[in-house]
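As structure tokens, the structure follows; a few thoughts come after it.
Every number in this text was worked out from the coordinates using simple rules, so none of it is lab data. Just so we're clear, the structure is a prediction, and the values are computed from it rather than from any experiment. Here Cβ is always computed from backbone atoms with ideal geometry, including for glycine, and neighbour counts include all displayed protein chains.
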Amino acid sequence: MTQEYIATIGLETHIQLNTNTKAFCSCKADSWGDAPNTNICPICTGQPGALPSTNQAMVEKALMLCLAMNSDINMDSFFDRKNYLYADLPGGYQVTQNDRSIGRGGYFDFLMDDGREVRCHIHNLHMEEDAGKTKNEGNIRLIDMNRCGVPLVEMVTMPDLHSADEAATYLTRLRQLLRWLGISEANMEKAHLRCDANVSIAPKGSTELGKKCEIKNINSIEAVRMAINYEIERQIREINAGNKIEQWTIEWDNDTQELRKMRSKETAADYRYFREPNLMPVHISEEFLESIKNKMPELPIQRRERFISEMGLPSYDATVLTADRDTSDFFEAVCNIYDGDNKRVSNWMMNEVLRITNETGCAVSELKITAQDLADIIHMVDQKTINTTTGKNLVDMVQSSGKRPQLLVEEHGLGLVSDDSAIRAMCTKIVSDNPKEAASYRNGKESLIGWFVGQVMREMRGKADPEKAKAILLELLKAD
Amino acid sequence: MTELIELSAVEQAALIREKKISSVELLEATLAQVEKVDGRSGSLEPYVEQPEDLEKVHAFLLIVRDHAMAKAKEVDRKIAAGEPVGALAGVPYSAKDVYCTKGIRTTAASRILEGWKPPYSSTVIEKMDQADAVLFGKVNLDEFTFGGTTETTAFKPTVRNPWALDRVPGGSSGGSAAAVSACEGAISLGTDTGGSIREPAAFTGIVGLKPTYGRVSRYGVIPFASSMDTMGPLTRTVSDSAFVLKEIAGFDPRDNTTVRVPVDDYLADLQKGIKGLRIGISPDYLKITYLDDQGNYASAPVDPEIEASVWKAADLFRDLGAEIIEDVPMSNTKYSVPAYFVISRIEAYSNLQRFDGLKYGHTTQQSVKDMYDLYYKSRGEGFGYQAKLRLLTGMFASQEKFYEKYYRRAQRARALMRRDFDEAFNPQGKYRIDAILTPSTPSPAFRFGDAVASDSLLIQFADQFTTPMNFAGTPGISFPCGLSSSGLPIGLQITGYDYCESKILRAAFAYEQATLDADWRKIKPVVLR
């Protein structure tokens, strides 16, 4: 009988905070697309005598994450120096938080796609500065210091995850949350969100954890899924072959999509941590904490729950409409204005608004169509001022022109024609222009009625009330 | 009239403001004095001692004549035009070569910074510029301020004591002390991490003020041990130190450890006198405490002439209306030297890591295998013996496995020393003192080479009375109180509580005014005779 194994996974994530300026100087923090070494100053390039100053925005955003993770807040936390020598670390040490970090413990609840809720405990959260970027070109090592001093939060989970799928979903939900809180762009491809995974396996039922291997440099959620699965498979293969798991550090090679051993057993680096004497302790006053708490938005998992329980949405709709905060806020705004069936609004959101964002790639907040516009369009359809098809087209027209829907209906004469004589005239024309089809109908092919209605609608550019057109056509076709 | 160069900064500033002399005139006189007494500047070239080197002070590493002349002319123009000028308008000053000066070579007296011109100026230099003082030169120091004699500089010849040319000027602000003592400018900016302003001031018979940690911005000053580094003036008179402190003190958003405590009018406050001031004397500052071969604490007396001058000064203070409180315990002073060794070296090691030969300064010309080989060779060539020693001992002591044994214990000792101050100065406590009177150093200036060659306790523990204030963060001022039987200056230290610079300046000023006519004040340093 084959032994069953259970995998245990812990994740270390580095989250780049989206502050305007760097952690300890006033250089621009986000250098995406900028030429190397353009957002630098004496402080972040480690010039002799330059001193760091703590960016309050970093503390504020880190604090929001602590609150979202239900962590204990250290009202006085400290910055420490992590000493090591490397060309992309201009000070010779990284300013980080070692033993008294801003957040301790906590947990993150998230939903798997099948609706199962997973709780992942957090070990700690700390603030630190990023190092620069190193690029090797042949024998030449190029250093870009733009990234030096960019604020990060490092968040380390407990070993609470048990599959690649859980790890990938954790990251997806974390990314959603970070954007929701507005504290990070959380784009893995741009390294705003980076992940190392510690993976071990143990026989099912065993209480002891196996020896763990650390996978570094995983740069997309899909890669996280693949890398962890490969590693679990490798460890099972080793054990089944009678080998022991050694404590390796493994690198994910994104080009070849495979794992590569970097080094066996972490040679315990001595970083000689000590307090950074240039910075005062990070003190969080009760008032400050209170002000951040008041700023905290309803979190996605809570809002999803409310969409189901209070707004009557199906679970699927609630998930889609809480994928990001803009969409979610937009949806709620439409519901408030529309003041009717929320599911009806949900359908319009998912079918029309999200179709446009998918097609154009722009965010809900960047759309020209407003919540008021969408509510108005749904109302017009409800009141049969326009038909559903026109309503859907109107969403696109508002989006492309930025004009209000009522105005567009007037300008383009999109209102439904309920004047019998106009419809009757068009029906008569269609029947007489298409004698072959009329004959087929009369010979019993009654399904052709739909085709006749379609012709009338097309000629009248959708303005005809289709019910009326159908009644008149039936009358005309039967009469002859 | 006394020669211009011998005037205090307060007097020089007044003459300029009253248009009795011009700033350019004063600058020329100062540069002429440098020309006369300083000799060749320290350099990185292989050093061959010339006979004339033994007769000169060698305080300066660099004279920035054009830069200074432009500033002096600007000041003269403003005054002629009746435009407002800063308090120090037209007064020439020098700065220890750890103050970054934009576009002006800054060396920290180390080869590792060879050729570096800072892209920015330190806050203190900017403030001096706003006060319209005239920076005319950068002075020598111990490499990265590591030392108490200025002998560890990579730039030779090193600085000589203007009072005795065969003796050290003290350090690490030895260039500053010697320059001011030899009337090469009335003001020099120094730094003090364990006594580096106060000890050389004492050795050269001048005034040196170490402000409270957080009182003066450290931004742009190349650090030694960041938790203890302070910036302050070396001057010939107490008023001049008060004058300068007013201009350089204050909150700086670029230094997180500065505070928003209001800056006093130190100069005006000097006139308030010391009636009722409670001045303490501590037995722990009248002896050297050390560990003997058995690992037990043992003690040795300070130089008897120095102890005598403390008691003599106490009498004088009492006569001036102060209360003298004897036997104030400062029992943790004995930890200052060993704790200083650990903390300062760990911070120094970390602060030296950025000098990698890549970004600025000296890069090896040898061929290198890889990045680490480049570091190894550049740093091997660039750092001097003392810097390497501090790096290695700092790296050793900071190992994670020794964290409890060294760093944590040293931090606890530091907290105990701080407690000594808190208790002695507690206004509701037993002693309720305003200041403590101590010797600045256990002995006067020593001979070249003695700092490493001699096993004299007084030399090895030369900074035992000054480091506690760097640990506690409290201010201290060293001021001259006379000459030893061999004609060497002796300094006394008055130390006060946090941000009480005004009080210690008042005490030192009272002493100075009461001894203006003393015979020893008529004696000049040998280079001025």
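Worth pointing out:
- Per-residue Cβ neighbour rank within 10 angstrom, fewest leading, A:Asp376, B:Asp517, B:Asp370: B:Asp517, B:Asp370, A:Asp376
- For the protein assembly as shown, calculated [θ]222 nm from helices alone, where every DSSP H run of n ≥ 4 adds -39500 (n - 2.57): -11000 deg cm²/dmol
- Summarising the amide proton neighbourhood of B:Leu135: residues at separation of 5 or more, or on other chains, whose placed amide H is nearer than 5 Å comprise B:Tyr93.
- Per-selection Rg to Rh, the range B:404-453 - Cα, Kirkwood hydrodynamic radius: 1.18
- Averaged over the residues of peptide A:268-279, the number of Cβ atoms from other protein chains lying within 10 Å of each residue's Cβ is 6.
- Charge dipole of the range A:337-409 about the Cα centre (unit charges at C-beta), most positive-ward option of A:Ile356, A:Thr389, A:Ser346: A:Thr389
- Charged side chains reduced to their Cβ positions (Lys and Arg at +1, Asp and Glu at -1) give the range A:363-420 a dipole of some 180 debye around its Cα centre.
- Rel. contact order, % - alpha carbon contacts under 8 angstrom, at least six apart, the range A:5-288: 24
- About the Cα centre, charge dipole magnitude for the range B:338-405 (Lys/Arg +1, Asp/Glu -1 at Cβ), debye: 100
- For the segment B:219-225, counting C-beta atoms of other chains within 10 Å of every residue's C-beta and taking the mean gives 4.
- For chain B, the relative contact order comes to 17 percent (Cα pairs under 8 Å, sequence separation of at least 6).
- When only Cα pairs below 8 angstrom with a gap of at least 6 residues are kept, chain A shows a relative contact order of 13 percent.
- Other protein chain Cβ atoms within 10 Å, averaged over every residue that makes up B:105-113: 1
- The H on the amide N of A:Glu258, modeled in the peptide plane, is under 5 Å from the matching H of A:Asp253, each at least 5 residues off or on a different chain.
- Chain B - Rg over Rh from alpha carbon coordinates, Kirkwood radius: 0.95
- Total charge dipole magnitude, chain A, about the Cα centre, Cβ charges on Lys, Arg, Asp, Glu only, Debye to nearest 20: 640
- Placing unit charges on the Cβ atoms of the charged side chains and taking the dipole of the protein assembly as shown about its Cα centre, the candidate lying farthest along the positive direction among A:His192, B:Gly205, A:Ser447 is B:Gly205.
- Dividing the convex hull volume of the alpha carbon atoms of the range A:5-288 by its residue count gives 150 Å³ per residue.
- Overall Cα dimensions of the range B:365-446, principal axis frame, Å, largest first: 66, 38, 17
- Over every Cα atom in the range A:420-479, the radius of gyration and the widest Cα-Cα span, Dmax, amount to 10.3, 30 Å.
- Note, ³J(HN,Hα) from phi for the range B:365-382, Karplus 6.51, -1.76, 1.60, rounded to Hz, x at Gly and Pro: 9, 6, 6, 10, 7, 7, 4, 5, 5, 5, 4, 4, 6, 5, 6, x, 7, x
- Percent of alpha-carbon pairs separated by more than 20 Å within the range B:407-529: 55
- Considering only A:Asn98, B:Ile433, B:Ser344, the residue lying farthest towards the positive end of the dipole of the protein assembly as shown is B:Ser344, judged by Cα position with unit charges set on Cβ.
- The Cα trace of the protein assembly as shown gives Rg and Dmax of 38.6, 141 Å, the first to one decimal, the second as a whole number.
- Fewest-first ranking of B:Asp38, A:Asp465, B:Asp66, A:Asp109, using other Cβ atoms within 10 Å as the exposure measure: B:Asp66, A:Asp109, A:Asp465, B:Asp38
- Shown here is the pair-distance distribution of chain A: with all Cα-Cα distances grouped in 10 Å bins from zero up to the longest one, the shares run 4, 15, 20, 20, 15, 10, 8, 6, 2, 0 percent.
- Here the Karplus relation 6.51 cos²θ - 1.76 cosθ + 1.60, evaluated at θ = phi - 60°, turns the backbone of the range A:459-475 into coupling constants of 4, 9, 6, x, 7, 6, 6, x, 4, 5, 4, 5, 4, 5, 4, 4, 4 Hz, with x for every Gly and Pro.
- Rounded Å value of the spacing that divides the Cα centres of the range B:402-417 and the range A:111-186: 36
- Tail beyond 18 Å, pair distance distribution of the range B:338-405 (Cα, percent): 42
- Alpha-carbon centroids, the range B:455-529 and the range B:318-380: separation in whole Å: 24
- Couplings 3J(HN,Hα) of the range A:121-131, computed from phi: 7, 9, 7, 7, 10, 9, 8, 7, 9, 7, 8 Hz, in residue order, whole Hz [Karplus 6.51 cos²θ - 1.76 cosθ + 1.60, θ = phi - 60°; x for Gly and Pro].
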